[in-house]
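Participant: Take a look at this one; I'll ask things after.
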Amino acid sequence: QVQIVESGGGLVQPGGSLRLSCTAAGSTFSFYNLGWYRQVPGKQRELVAAVSSGSSAINADSVKSRFTISRDNAKSTVYHQMNNLKPEATALYYCNVLWGLDDYWGQGTQVTVSS
C-alpha cells in the first residue's frame, strides 16, 4: 500500500498560480510513474499531466503551455505547477501513483479559480 498526501489546492483568481504537491510514502518512489488527474462533478476524471520513473513528462493539450509536472525523488514528492489559471481549471485534483500493475489514489485537493 502506498500512502499519498496531496496539498496546495485553494482559491485563486483567474490568471493566478498554484503549486500542488503530492508525497507518496515508500522507499521505491523513484520507480513510480506519477500523474495528476482532475474531476468535476458529473464528468469523468481526466489526466492533466504525468511523469514517468525516468522523468519523461506529458501534459494534456489544454494545459501544455501553462502547467508543469516535476518530481523530486529525494523528497518522494511530485509537483504540479499551474500558471495562468482559468476558471475551467476548477476541479478536484488527484495524485495517482502507478507501480507495476497497481495504482493508488490520493484523497484529492480542491482547486477553485474564481474572481
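Participant: Identify all residues within the stretch 99-114 that are in contact with a Gly (Cβ under 9 Å, 6 or more places away or on another chain) and at pLDDT 95 or above; write none if there are none.
Facilitator: Selection gives GLY108, THR109, GLN110, VAL111, THR112, VAL113.
Participant: Just checking, how many residues over the stretch 52-83 are over 12 Å from the mean Cα position of the chain (by Cα) and not aliphatic (A, V, I, L, M)?
Facilitator: Here the count works out to 15.
Participant: Of everything in the stretch 3-16 that's open to solvent by 60 Å² or more (accessible area, probe 1.4 Å) and out of contact with any Cys (no Cβ under 9 Å at 6 or more places or on another chain), which residue is nearest to LYS64 (Cα to Cα)?
Facilitator: My answer is PRO14.
Participant: Given the conditions (1) touching a Leu at 6+ places or on another chain (Cβ under 6 Å); (2) assigned to a loop (DSSP other than H, G, I, E, B), report the number of the one that THR112 does not fulfil.
Facilitator: Tallying (1) touching a Leu at 6+ places or on another chain (Cβ under 6 Å); (2) assigned to a loop (DSSP other than H, G, I, E, B), THR112 fails exactly one: (2).
Participant: Tell me, which strands (runs of 3 or more DSSP E) wholly within the stretch 24-93 include 1 or more residues that are basic (Lys, Arg), without any contact (Cβ under 8 Å) to a residue 60 or more places away in the chain and buried (at least 16 other Cβ atoms within 10 Å of the Cβ)?
Facilitator: On the way: elements: 33-39, 46-51, 57-59, 67-72, 77-82.
Those strands (runs of 3 or more DSSP E) span 67-72.
The values are calculated or read from the model by the stated rules, or taken from the named source; none is laboratory data. The shown structure was predicted, so the numbers you read here are calculated from the model rather than taken from an experiment. Positions of Cβ are generated from backbone atoms using ideal geometry, with glycine treated the same way; all protein chains shown enter the neighbour counts. Surface areas here come from the heavy atoms of the whole protein model, side chains and all, with no ligands, DNA or RNA. Shrake-Rupley method; radii C 1.70, N 1.55, O 1.52, S 1.80 Å.
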